[in-house]
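The values are calculated or read from the model by the stated rules, or taken from the named source; none is laboratory data. None of the values given here were measured: they were computed from a predicted structure. Positions of Cβ are generated from backbone atoms using ideal geometry, with glycine treated the same way; all protein chains shown enter the neighbour counts.
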């Protein structure tokens, strides 16, 4: 058991910048990403130029909730020229119903545009060590960039990164993540 730990520690150290490291540092790196979830058959919805008004935002989510549309992976940017940008995912099976709801919703807002990207998949990586080390997002998005895998939307928390990519790239993306983070 000691030998296995020593080999893992040596493997960890050779990848690091010069400095002082503890076993805890190695454990955090190994627990940076421990789980990978894949949610297929998703649709990415973007609502652009929504007035920076929480009532407008509330109305949008209320209309979708009343239509029994499951909204996931919400990304909401700050105000730019009095407008905000919201993106979220929904299940592919809800596309037609959501399109009708969104079309009715935007009729009340002259500047609002809705874009829908179909045939996307949400990948989520999770790990308890993520919140204790820097560079996890850098490693994740570097491997996507180096393999020309397009990332369409991102949502994060302390221990989780979710991102949307084209479904055709999922197999390659999952393999890269498994290799990079040894899961």
Worksheet item: Name the pairs whose Cβ atoms lie under 7 Å apart, with the first residue in segment 63-89 and within 12 Å of residue 43 (Cα to Cα), the second assigned to a loop (DSSP other than H, G, I, E, B), and 6 or more positions between them or separate chains?
Response: 88/71
Discussion item. Among the numbered criteria (1) in a helix (DSSP H, G or I); (2) surrounded by 19 or more Cβ atoms within 10 Å (Cβ to Cβ), which one does residue 172 miss?
Written reply: (2)
Worksheet entry | Residue satisfying condition, being loosely packed, with under 15 Cβ neighbours inside 10 Å, touching a residue at least 24 places away in the same chain (Cβ under 8 Å), closer than 25 Å to residue 83 by Cβ and touching a strand residue (DSSP E or B) at 6+ places or on another chain (Cβ under 9 Å), within set 162, 111, 155 | 111
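When you look at residue 148, is it part of a helix (DSSP H, G or I) and loosely packed, with under 13 Cβ neighbours inside 10 Å, yes or no?
Working: part of a helix (DSSP H, G or I): no; loosely packed, with under 13 Cβ neighbours inside 10 Å: yes.
In short, no.
Residue-wise test of (1) more than 23 Å from residue 97 (Cβ to Cβ); (2) assigned by TED's automatic domain parsing to the domain that holds residue 106; (3) at pLDDT 95 or above.
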{"site": "2", "(1), (2), (3)": "yes, no, no"}
{"site": "11", "(1), (2), (3)": "yes, no, no"}
{"site": "18", "(1), (2), (3)": "yes, no, no"}
{"site": "43", "(1), (2), (3)": "no, no, yes"}
{"site": "63", "(1), (2), (3)": "no, yes, yes"}
{"site": "68", "(1), (2), (3)": "no, yes, yes"}
Response to the item:
Those residues of segment 127-154 which are more than 18 Å from residue 182 (Cβ to Cβ) and at pLDDT below 85 amount to 131, 134
Practice prompt. Sort out which residues of segment 125-152 are in contact (Cβ under 8 Å) with a residue 60 or more places away in the chain and touching a strand residue (DSSP E or B) at 6+ places or on another chain (Cβ under 8 Å), and write them in order of number.
Written response: 125, 126, 127, 130, 136, 140, 152
Worksheet item: With respect to the numbered conditions (1) modelled with pLDDT of 80 or more; (2) farther than 30 Å from residue 170 by Cα, which one is the sole condition not fulfilled by residue 102?
Response: (2)
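Based on what the data block shows, is residue 119 outside any helix (DSSP H, G or I), in contact (Cβ under 8 Å) with a residue 24 or more places away in the chain, closer than 25 Å to residue 171 by Cβ and within 20 Å of the chain's Cα centre (by Cα)?
Values: outside any helix (DSSP H, G or I): yes; in contact (Cβ under 8 Å) with a residue 24 or more places away in the chain: yes; closer than 25 Å to residue 171 by Cβ: yes; within 20 Å of the chain's Cα centre (by Cα): yes.
In short, yes.
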